[in-house]
Amino acid sequence: MTERIPKIIVVGPAFIDMAIKCEEHPAAGKITEGSGFTCTPAGAGVMDATQMALCGCETCLLTRVGEDCFGEMIRQNLRRHSVLTDLVYSTQAMSTGIVVTIVNSNGENSSCRSQGATRIMSRDEIECAAAEQQIGSADAVLVNDSIPRAASVAAIRSAQIHKTRVILSVKLPGADRDAIQSIDWPMEFYNADIIVLRFKGIMCGSELGAGGEGDLKFVGTELVAHGANCVVISLGWRGALVIDRQGPRHLPGIPTEVVDQNGCDAAFTGALTACYGTGDSPDKAVRFAIAAEALMRSRFGLQEALPKKEEVLTLLQSQPD
């Protein structure tokens with residue numbers, strides 16, 4: 001990652017995450033003793049923006065929150081991490097989104113989410129003068145598909161008009177070859193410079209085992225055949241897949257102890273966008289993201305576990321060539 005300070009706009013959801021650690025997830029009707037309770041701002045938009053700020057980027061988050069104490073908590077938290085909040089809009093008569101997460105001793109998560117104000121995001125927030133100005137002056141825009149589609153499409157269109165790089169973080173319902181049949185993306189999604197692909201119910205691609213890598217390569221290759229420029233899939237400790245018109249390639253991972261996998265996707269995507277926003281190649285950005293995810297995986301927590309740029313660079317420098 002170069003020393004230049006990029007300007008990044010993040011378009012994604014904001015939630016409050018209430019997390020507690022326990023030995024095992026409670027069965028229905030049962031209570032399990034827990035410890036390590038946290039109540040922190042989260043959601044892909046907040047987490048990605050915070051990771052980029054920790055990587056030294058000038059970062060602005062575009063999202064919606066409720067007019068409640070949780071919405072103000074999110075704003076204060078973002079400012080504490082030097083993330084601009086000019087485009088964090090308040091919503092009357094709706095609560096801020098909430099996620100309740102339980103993490104067991106294996107680092108596996110079980111969560112319940114209420115989207116709150118996030119579910120009414122629309123093209124209006126993207127097409128206002130303030131947002132257009134920010135996107136037009138940015139080096140890159142990260143769009144998360146967990147916001148309403150009209151908002152994500154509008155963000156990609158705006159970035160294209162201003163010739164701003166676009167990274168799209170998108171989730172598919174499954175990680176097998178049949179997943180490609182369920183895709184109903186608008187054409188704007190295929191115009192993103194990089195698509196970071198995630199899968200429902202899977203923390204990272206390493207859960208599929210070595211045999212699942214072939215399916216992931218197939219899905220990525222099919223997306224490129226349909227018009228995608230570059231598809232990136234995290235494999236956790238096994239690294240990541242990069243698929244483009246030159247074909248698929250596997251970038252090696254960095255094995256670490258698994259303490260908590262919560263937030264690993266944000267560490268990966270945020271670090272990738274931060275590095276790509278400086279003008280680095282996709283492969284170099286993915287290597288930086290692999291190191292960031294490795295550090296995140298070895299810690300418990302959300303924002304407090306996100307690594308700083310210096311930590312990521314130190315880990316990368318310690319790896320053999």
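Does a label point 7 Å from the Cα of S35, set along Cα-to-beta-carbon, have any residues of segment 96-127 with amide nitrogen under 18 Å, and which are they? Within reach of a label on S35: 102-108.
Given a cut-off of 21 Å, name the pairs among K284/K309; K21/K171; K7/K309; K7/K308; K7/K284 whose C-alpha atoms lie farther apart than that in the structure shown. Could you put the intermediate results ahead of the total?
On the way: K284/K309 14 Å; K21/K171 26 Å; K7/K309 15 Å; K7/K308 17 Å; K7/K284 18 Å.
Long pairs (Cα-Cα over 21 Å): K21/K171.
Kirkwood's formula applied to the C-alpha pairs of segment 130-267 gives a hydrodynamic radius of 15.7 angstrom.
Restricting to Cα pairs below 8 Å that are 6+ residues apart, what does the relative contact order work out to for segment 20-103? Please round to a whole percent.
On the way: 112 pairs, mean separation 26.8, N = 84.
Taking the mean separation of contacting Cα pairs over the length of segment 20-103, I get 32 percent.
For segment 185-300, the share of DSSP beta bridges that are antiparallel, to the nearest 5, is 80%. Shape summary: segment 19-160 maps onto an equivalent ellipsoid whose semi-axes, from the alpha-carbon gyration tensor, are 31, 16, 14 Å in decreasing order.
Within the chain, which is the longest segment containing none of the GluC sites (Glu not before Pro) that sit in a DSSP loop and have at most 12 other Cβ atoms within 10 Å? Result for the longest clean stretch: 34-256. For the chain, the percent of C-alpha pairs falling in each 20 Å distance bin, counted from 0 to the bin holding the largest distance, reads 34, 61, 5. For segment 60-139, the alpha carbon positions stretch 46, 31, 22 Å along the principal axes, listed from largest to smallest.
Centre-to-centre, using Cα atoms only, segment 211-228 and segment 169-201 are separated by 10 Å.
First select every other residue whose beta carbon is under 14 angstrom from the beta carbon of A228; then total the charges, Lys and Arg +1, Asp and Glu -1. Please list the in-between numbers first.
On the way: positive: K217, R245; negative: D145, E188, D193, E222, D244.
Residues near A228 contribute -3 overall.
In the chain, the calculated helix contribution to ellipticity at 222 nm averages -10000 deg cm²/dmol per residue, counting -39,500 (n - 2.57) for every DSSP H run with n ≥ 4. One chain, two ends: I120 and E311. Fully extended at 0.36 nm per residue, the span grows by 65.1 nm beyond their Cα-Cα distance.
Over the Cα atoms of segment 232-321, the radius of gyration divided by the Kirkwood radius equals 0.95; this is the Rg/Rh ratio.
Using the Cα atoms as the points, what is the convex hull volume per residue of segment 7-58 in Å³?
Working: hull volume 5.0 nm³, N = 52.
Expressed per residue, the convex hull around the Cα atoms of segment 7-58 is 97 Å³.
If I take R0 = 30 Å and measure r between the Cβ atoms of E3 and H250 in this structure, what FRET efficiency does the formula 1/(1 + (r/R0)^6) give, to the nearest 0.05?
Details: r = 29 Å, r/R0 = 0.96.
It comes out at approximately 0.55.
Here the contact order of the chain, divided by its residue count and restricted to Cα pairs under 8 Å and six or more residues apart, works out to 18 percent.
Which distance in Å, rounded to a whole number, links the C-alpha centroids of segment 16-80 and segment 244-281? Centre-to-centre distance over Cα atoms comes out at 21 Å.
Computed from the coordinates by the stated procedures, all read-outs in this text should not be read as laboratory data. Because the structure is a prediction, the values reported are computed rather than measured. Cβ atoms come from the backbone with ideal geometry, glycine included; neighbour counts cover every protein chain shown.
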